[in-house]
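A quick write-up on the structure given underneath.
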Amino acid sequence: MNTFPPARPRLRDALWARIAAAVLAVVLLLVLLVVFFPWDLLRGPVNRYVSEQTGRKFEITRKLDVKLGRTIRVLADGIEFANPAWAREPYLVKAEAAEIQIRLWPLLSGHIALPLVSLQKPELGLQIEPDGKRTWSLGKDTSDESKVPDIGQLLIDQGVVSYLASAQGADITADVGLAAEASSGLPLSYKARGKWKGETFTAQGRAGGVLQLSADTAGTFPLEITAAAGATRLKAKGTVTNLSEVGGIDATFELEGRSLADLYKLVGVVLPGTPPYKLRGKLDKQGLSWAVSQISGVLGKSDLNGALTFTNAKPVPLLTGKVQSRLLDFEDLGPIVGLSSDNAPPAMAKNASPQKRPARAGRVLPDAKLDFARLKAMNANVSWSAAKIVHVKALPLDRMSADIKLDNGVLQLDPLKLGVAGGELAGRLAINSKVSPTVIETRLDARAIELNRLFPTIETTKSSLGRISGQVDLKGSGSSTAQVLASSSGNVAFLMGSGQISNILLEFMGLDGGEIIKFLVRGDRNVRLRCAAAAFDVQKGLMTSKAIVLDTVDTVIDGAGTISLADETLNIRLEPSPKDASILSLRSPLNIGGTFGAPTAAPDKGALAGRAGIALALAALNPLLALAATIETGPGQNADCRQVIQQAAAPRAAAAIPAGAVK
């Protein structure tokens, strides 16, 4: 019996073979269709569709080609994309040729992701308005950030870029060129000009060929730049990972300018006014934080080094770090407190402070306006110190340190430490700019200040010995140092225990003629100081004495009077009572008057005339009797030093008397 294989499986296999062949043929036809499809036929419909969706004219002017894939490549020969009607420049982009890569899947969900945009000889018109409208938002609502395309890389070959941002005071035009070969690895060159923050701006440099605009793009973008904005100049070299957000910076820099205060306008960092500076360092930026390390340079004639971090957080940025000076020139502190600096060049000294008023006759307190409004622009926590201070003309300041805290418009220097005349002046200073006028409060304690170093310009104090302690507690308001002191209220006290002081000073104050004659012949000598105290109550800029006493083995001097911080005038009367019997003593009160800038000291004319008149009358009879009228029997009594010090310390009863004030 013969058997034959079933025919149905054979027919099934043949059917599947024909189906597979047909599918393969269709796929092949589709591939051929895609490869050889005349995409340029769709140029008109594409132009109309994009124009309708964006509300502005879009046109591929000569030829369109498309390469399909997971990432679609659109090749346009000639492209023009108009700006919104409100923009200054007519075109967002106008280029001889363009290659635009588009990711398909994000596009299906309405998100425009462009891994690469390559433009030949383009003109780019970028503009952003204060209300958020921007020319590169591709929807009809140009303030809608969701319509801003996500561009990974941008390649520009021989083009011009215009950027206008009125809120930033920016109006910049840049010429960009791409070299065919560049041995340095930086084929892109650029040159920019215009305005930044309202200041004249220029920049030039080189960079990598492809601009990295997204953090998702692998690799880093090398960059070199030399820029100037106003009087500030920057030179930097390094890499950036995200140009659109200026992120992932790793660079070295050199920065110089007229004053660090200018950086507030340019980049929003609040720094004090300084003389011209020149700094270098290392810059790193990650996220919102700018870290400046290895700072080294000079401000005026002072050195500066350290590290700072600026975090541009909302609602208020924060500056933190530590900076120090090994050698600080005192003149460089002038702009901080409203004084002119001898270290500033003539042009700067003339133009640095437009609010500065002409010098006032007889006045010495700084009256230049201080810009306290900037204190609200950021917060800060910075430690600053100066190991040595030089070129101090009148105040023997030798070192300084402060922890600077700025929080919501309130600036505190706490603790504030000043090395003065071998001792220390320590405490706190607070500036509250949240109220108008600005309120300034200071509380300082003086410890172990050496008398012979306190007045370096007065020769007769150099042989004096003793240590002074004191307390200053004042609160005032205003926009300059002079205004704050003129409105201040509080207490001031200075104390000194045992020591020695130049006797010629006392004798001149007491007009002790016999002793002066002796000193002029044999020279000065020191006498022991038992105690000294001066305490003032301060109300609205007027210092009224509560105690002025100086007690030595030779003389007790009592004083009283006022010092006006508003008028900068002196009105002090000192009455000496010599303890020794001295020939030719007139023992007349001494009146100290005049201004801070031109003080005067003269004996009370009425009292002196009375004693001198007696002496002259007796001289008419007998010169020897005339000398008798000048004999001083020394009625002055030893002052109770502890009682004097306690009286001087009374305004601050709650505070302990500084250690070492009494010996």
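May I ask you to say which residue of Ala547, Ala560, Ala535, Ala566 is modelled with pLDDT of 65 or more and crowded, with 23+ Cβ neighbours inside 10 Å?
Criteria check complete, one pass: Ala535.
Considering Gln286, Gln294, which residue is polar (S, T, N, Q) and on the phi > 0 side of the Ramachandran plot?
One residue alone meets the criteria, Gln294.
Against the definition (more than 26 Å from Gly297 (Cα to Cα) and open to solvent by 60 Å² or more (accessible area, probe 1.4 Å)), how does Lys195 come out, yes or no?
Criteria met by Lys195.
Listed residues Leu271, Leu266; which is open to solvent by less than 40 Å² (accessible area, probe 1.4 Å), modelled with pLDDT under 90 and not acidic (Asp, Glu)?
Leu266
Taking the range 206-223 on its own, how many of its residues are of a type in the set (Gly, Ala, Ser), at pLDDT below 80 and more than 34 Å from the chain's Cα centre (by Cα)?
Residues that pass the stated criteria total 2.
Among the listed residues Ser341, Ser302, which satisfies the condition of being more than 30 Å from Gly248 (Cβ to Cβ), crowded, with 19+ Cβ neighbours inside 10 Å, at pLDDT 80 or above and in contact with an Asp or Glu (Cβ under 6 Å, 6 or more places away or on another chain)?
Residue meeting the stated conditions: Ser302.
Can you name every residue in the range 36-56 that is within 50 Å of the chain's Cα centre (by Cα), part of a helix (DSSP H, G or I) and crowded, with 18+ Cβ neighbours inside 10 Å?
Answer for the range 36-56, where residues must be within 50 Å of the chain's Cα centre (by Cα), part of a helix (DSSP H, G or I) and crowded, with 18+ Cβ neighbours inside 10 Å: just Thr54.
When you look at Lys518, is it of a type in the set (Lys, Arg) and at pLDDT below 50, yes or no?
yes
When Arg70 is evaluated against the numbered criteria (1) under 20 Å from Ile112 (Cβ atoms); (2) surrounded by 13 or more Cβ atoms within 10 Å (Cβ to Cβ), which criterion, by number, is the only one it fails?
(2)
Of everything in the range 402-423, what is surrounded by 18 or more Cβ atoms within 10 Å (Cβ to Cβ), over 16 Å from the mean Cα position of the chain (by Cα) and assigned to a strand (DSSP E or B)? Give them in sequence order.
Leu416, Leu418, Gly419, Val420, Gly423
Exactly one of these conditions fails for Thr202: (1) surrounded by 16 or more Cβ atoms within 10 Å (Cβ to Cβ); (2) under 28 Å from the mean Cα position of the chain (by Cα). Give me its number.
Here Thr202 clears every test but (1).
Among the residues in the range 349-362, are any open to solvent by 50 Å² or more (accessible area, probe 1.4 Å) and modelled with pLDDT of 75 or more?
Scanning the range 349-362 turns up no residue that is open to solvent by 50 Å² or more (accessible area, probe 1.4 Å) and modelled with pLDDT of 75 or more.
If I ask for residues that are touching a residue at least 24 places away in the same chain (Cβ under 8 Å), of a type outside the set (Ser, Thr, Tyr) and part of a strand (DSSP E or B), which ones from the range 551-568 would you list?
Asp551, Val556, Ile557, Gly559, Gly561, Ile563
Could you list, in sequence order, all residues of the range 231-259 that are within 19 Å of Gly297 (Cβ to Cβ), assigned to a loop (DSSP other than H, G, I, E, B) and open to solvent by 20 Å² or more (accessible area, probe 1.4 Å)?
Ala231, Arg258
The values are calculated or read from the model by the stated rules, or taken from the named source; none is laboratory data. Quantities reported herein were computed from a predicted structural model and do not represent experimental measurements. Cβ coordinates were reconstructed from backbone atoms using ideal geometry, including for glycine residues, and neighbour counts include every protein chain displayed. To get the accessible areas, we keep the full protein, side chains included, count just its heavy atoms, and leave off ligands, DNA and RNA. Shrake-Rupley method; radii C 1.70, N 1.55, O 1.52, S 1.80 Å.
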